[in-house]
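Here the structure comes first, spelled out in structure tokens, and everything after it is commentary.
The values are calculated or read from the model by the stated rules, or taken from the named source; none is laboratory data. From a predicted model like this one, the values you see are computed outputs, not experimental measurements. Cβ atoms come from the backbone with ideal geometry, glycine included; neighbour counts cover every protein chain shown.
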Amino acid sequence: MTLLYLMINGLQIGSIYALVALGYSMVYGIVKLVNFAHGEIIMVGAYSMWYVMSRFSVPAWLAAALSVAICSVLGMFIEKIAYKPLRNSDRLSLLVTAIGVSLLLQNLAQLFFTANPRMFTNIFAGTVTIGERQFSNATTVTIAVSTIIMIGLTLLVKRTKIGKAMRAVSEDKETATLMGINVNNTISFTFALGSGLAAVAAVFYCCSYSQIQPTMGGMLGLKAFVAAVLGGIGSIPGAMIGGLCIGIAESLTKGYISSKLTDAVVFGILIVVLLIKPSGILGRRQNEKV
Amino acid sequence: MLEVRDINVYYGAIHAVKGVSFEVARGEIVTLIGANGAGKSTILKTVSGILRTQGGSISFMGDEISSIDACKLTRMGLSHVPEGRCVFQQLTVEENLEMGGYLRSAAENRRNIERVYDTFPRIRERKRQIAGTLSGGEQQMLALGRSLMSAPRLVMMDEPSMGLAPVLVRQIFDIIKEMNDAGTTILLVEQNARMALSIAHRGYVLETGRIALSADASELLDNDDVRRAYLGG
Ligand SMILES: Nc1ncnc2c1ncn2[C@@H]1O[C@H](COP(=O)(O)OP(=O)(O)OP(=O)(O)O)[C@@H](O)[C@H]1O
Ligand SMILES: [Mg+2]
């Protein structure tokens, strides 16, 4: 029974990692950038939700939708002003820019909301009983909604026109342009999608951990990044599997070893992956075109 | 149909195309031949908007296109089959074709896909296969088929015979001829100058970024300089 309990909790946090990892992976796939500002999008999502709810007392679902919209627009905006001008420069400049954007967002949040943690009310209060254990509604809703979102995303990328365009652009921008695909719009769409998923992750995260602060995106973002690398960065199913694996590994470590060791285990996994299979579980080896 | 006037293209300090002018009339096959590095691909990329000319003009069906976004030209009826295996390796064959018809409706695409399959039966057999697993010749056929999906008025092809066995080269050229007979105008860049001139109406010879010669294809085939330099004596 303990195992089932730990697995379900692992799936919950794993779903959150997976949603964030998807953003890393999709953006990496299309512009070959590890978007270090992605963690801060989670933070912005959390603060938008908190602000809208505490200030204007709008219903939770509307606050969540607003937070997703704000993050999507922010993601597109960051791409337009910070990354797009550097699209043809080397990766290092892009990476440093991403770190800069990340620090900027963190500091802006401190400026507006101070560094003090804020309390976040769980919008999925209540519990359900599975077997002999009680699970919070936050847990079940997180797992259920994330599953639906991930199925939806998979269908979007596989079946729809924009999804196919995303895959074409991530493979070869020049040829995609010759097909009449608007590469800039496709990249914007990818950033919007990834950032929107980060906002969803933020909502779920806050419902279980109830505290938000300007630096919250750091560790969460980093672990999701490890998940993306574990699954194979650039791969969408990889990000999902990677996220769930990291979540379960964390939860099992907490349950059977010590909660102090969870971070060590996560980054230990990263090191092992980098040593044994750097391209990740589902990653392809990059065959650079000559 | 296509009128290029005095275009100059630079890669940083390298002046790759130096004041080139040429034209393609409706219904023609025009070929651009020249040694490696002469600037052929650069010219095609400039016409299709991937590269920009400094000065000069490019007009397509009467519209000035030298500063239009590359992704808008497909809609105007211009199609460019790039050099090398430029099919989307990780998409399936059918998805590649759908990308070719990106700006067309789903109904048009279904009809055009059938037409492409009729022209290239080998592609039909492999429609669910990942394009990267096709042979080089099959990929080239797919690239040609994909260019037809937008129902273009002018197709620019960059070395469609590259790396293909002689029998496949003949087949590709037959198909190009058929496309032309069906009303598509063609601008053909080729290393295989003899083949290209044998199906073309007119040709231009490009030497280090300049047009050195332009004449009817049959004249170029008989020209001593051309024979020596591009037709192997
Ligand atoms: N991206 C680039 N950066 C710098 N120089 C380039 C670039 N692309 C082409 N060049 C240079 O421009 C010139 C023309 O190149 P281009 O590719 O147009 O030749 P080509 O006639 O198509 O040759 P080939 O028959 O080998 O394909 C060459 O000298 C080449 O080195
Ligand atoms: Mg070339």
Filter pass, B:Gly34 being over 25 Å from A:Ala165 (Cβ atoms) and over 17 Å from the mean Cα position of the chain (by Cα):
no
Tell me, please, whether a residue that is within 16 Å of ligand 2 (Cβ to nearest atom) and more than 14 Å from A:Ile181 (Cβ to Cβ) can be found in segment B:87-96.
no
How many of the residues making up segment B:47-70 are more than 20 Å from B:Gly100 (Cα to Cα) and within 13 Å of chain A (Cβ to nearest Cβ)?
1
Just to verify a result, which residue in segment A:18-68, among those that are over 20 Å from A:Asn122 (Cα atoms) and among the small types (Gly, Ala, Ser), is surrounded by the most Cβ atoms within 10 Å (Cβ to Cβ)?
A:Ala21
Are there any pairs, at least 6 apart or on different chains, whose C-beta atoms fall under 6 Å, with the first in segment A:101-129 and at negative phi and the second among the hydrophobic types (A, V, I, L, M, F, W, C) and in a loop (DSSP other than H, G, I, E, B), and if so, which?
A:Val101/A:Ala37; A:Ser102/A:Phe36; A:Ser102/A:Ala37
Tell me, yes or no, whether segment B:148-155 has at least one residue that is more than 13 Å from every other protein chain (Cβ to nearest Cβ), touching a helix residue (DSSP H, G or I) at 6+ places or on another chain (Cβ under 9 Å), under 24 Å from B:Gly183 (Cα atoms) and free of Cβ contacts under 8 Å to residues at least 24 places away in the same chain.
no
Among (1) assigned to a helix (DSSP H, G or I); (2) within 9 Å of chain A (Cβ to nearest Cβ); (3) within 21 Å of B:Ala196 (Cα to Cα); (4) modelled with pLDDT of 95 or more, where does B:Glu98 come up short?
(3)
Can you name the strands (runs of 3 or more DSSP E) wholly within segment B:11-63 that have at least 2 residues being within 13 Å of ligand 2 (Cβ to nearest atom)?
B:14-24, B:29-34
Given the condition at the interface with another protein chain (Cβ under 8 Å from one of its Cβ atoms), buried (at least 23 other Cβ atoms within 10 Å of the Cβ) and touching a strand residue (DSSP E or B) at 6+ places or on another chain (Cβ under 6 Å), answer yes or no: does some residue in segment B:71-87 qualify?
yes
Among the residues of segment B:171-197, what is the count of those that are touching a residue at least 24 places away in the same chain (Cβ under 8 Å) and either closer than 18 Å to B:Ala35 by Cβ or part of a helix (DSSP H, G or I) (or both)?
18
